[in-house]
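The values are calculated or read from the model by the stated rules, or taken from the named source; none is laboratory data. What you see is a predicted model, and the numbers here were worked out from it, not measured in a lab. Ideal geometry is used to build each Cβ from the backbone, glycine not excepted, and the neighbour counts take in all protein chains shown. SASA here: full protein model, heavy atoms, side chains in, ligands and nucleic acids out. Shrake-Rupley method; radii C 1.70, N 1.55, O 1.52, S 1.80 Å.
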Amino acid sequence: MTATLLPRPERPPHRPRHRWLAAIVVVLLIAVPAGYLVLSAHQSRDSGKDKQRAAAATGLVWEWPSRVERRIYEVPIPGGSTYVAHYERNAWERSSFYVQFRTSREALDAFIEEAGGDPAELREGRPGVSDRQADVVGWDLDVPGHRYAGTRIDRPGERPDLAVTVDLTREDRPRVYVVSTVEL
């Protein structure tokens with residue numbers, strides 16, 4: 001008896017039917033994580049440069065302070081403030097945070113209340129930021145023809161104390177100078 005061979009169908013040996021599915025799997029398993037690593041490395045590098053620039057600052061930096069700095073030193077800068085600058089000075093026993101900004105009269109009152117003070121305590125001729133503190137960042141708080149008012153907000157416990165001086169020359173947009181001091 002002789003065996004008869006049946007004809008084979010015309011099909012190449014093991015060829016995936018859905019090549020596009022394989023391509024998608026490769027992209028998802030390799031390309032997406034690789035792209036994430038590149039993006040993460042770039043952001044990490046930029047973050048280090050920002051921190052290095054801030055640490056090297058020897059005077060006011062003309063930008064909004066980070067939320068962490070505002071929270072640590074408890075300086076609630078009102079939204080809508082302009083000409084915002086800050087400087088952080090650290091020492092073994094005391095750290096100080098210098099901030100200046102221009103805001104509206106209503107926002108100034110809200111700032112003092114939120115900081116724990118009373119807007120009625122802000123009076124002309126009253127000391128706020130001392131001359132020694134002002135010299136650290138180059139603030140001139142004795143400009144002839146300008147009206148200045150000040151107050152101090154002493155907080156209980158280990159919370160930072162605030163010294164506030166306000167240039168009231170422009171009633172609608174007073175310029176605020178704040179020094180927040182933390183004793184370590």
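List of remarks:
- Cβ-Cβ distances below 6 Å connect the following pairs, each with a first residue in the range 164-184 that is open to solvent by less than 60 Å² (accessible area, probe 1.4 Å), a second residue that is among the acidic types (Asp, Glu), and a separation of six or more residues or different chains: Arg175/Asp167; Thr181/Asp161.
- The condition of being over 29 Å from Thr58 (Cα atoms) and under 23 Å from the mean Cα position of the chain (by Cα) holds for only one of Gly116, Gly157, that being Gly116.
- Inspection of the range 86-97 finds a residue satisfying the criterion of being open to solvent by less than 80 Å² (accessible area, probe 1.4 Å), without any contact (Cβ under 8 Å) to a residue 12 or more places away in the chain and not in a helix (DSSP H, G or I).
- Looking only at the range 23-70, and only at residues there that are of a type in the set (Gly, Ala, Ser) and under 22 Å from Ala85 (Cβ atoms), the one that is modelled with the highest pLDDT: Ser66
- The set of residues in the range 65-85 being in contact with a Lys or Arg (Cβ under 9 Å, 6 or more places away or on another chain) and assigned to a strand (DSSP E or B) consists of Thr82, Tyr83, Val84.
- Thr103 meets each of the listed conditions (1) within 24 Å of Trp64 (Cβ to Cβ); (2) open to solvent by 70 Å² or more (accessible area, probe 1.4 Å) apart from (2).
- Verdict on Arg126 being touching a strand residue (DSSP E or B) at 6+ places or on another chain (Cβ under 7 Å), open to solvent by 20 Å² or more (accessible area, probe 1.4 Å) and either farther than 18 Å from Arg89 by Cβ or part of a strand (DSSP E or B) (or both): yes
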